[in-house]
1. If you find the alpha carbon centre of region 22-37 and of region 1-17, how far apart are they in angstrom?
2. Could you give the length gained by full extension between A23 and I43, i.e. 0.36 nm per residue of separation minus their alpha carbon distance, to one decimal place?
Amino acid sequence: MALYHFELQMAGIILLGAMAAGAISLWLRRRRERREEDAASGIRPGDPPGAPE
């Protein structure tokens, strides 16, 4: 019975790590795309929203 609990804990750790890696990967991809779009439209990173160009 104790081995079963250990296996579940290991599976949970692996799944949690995989979900965290996937979330970070998505966040980085969206951040890169947003920066590319901003660069293409002439928006600088420090500009407040709605600032004139």
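1. The two parts, judged by their Cα centres, are 31 Å apart.
2. Gain on extension, A23 to I43, equals 4.6 nm.
Bear in mind that the values in this text are calculations on the coordinates, not laboratory data. Fair warning: this is a prediction, and the values are worked out from it, not measured in the lab.
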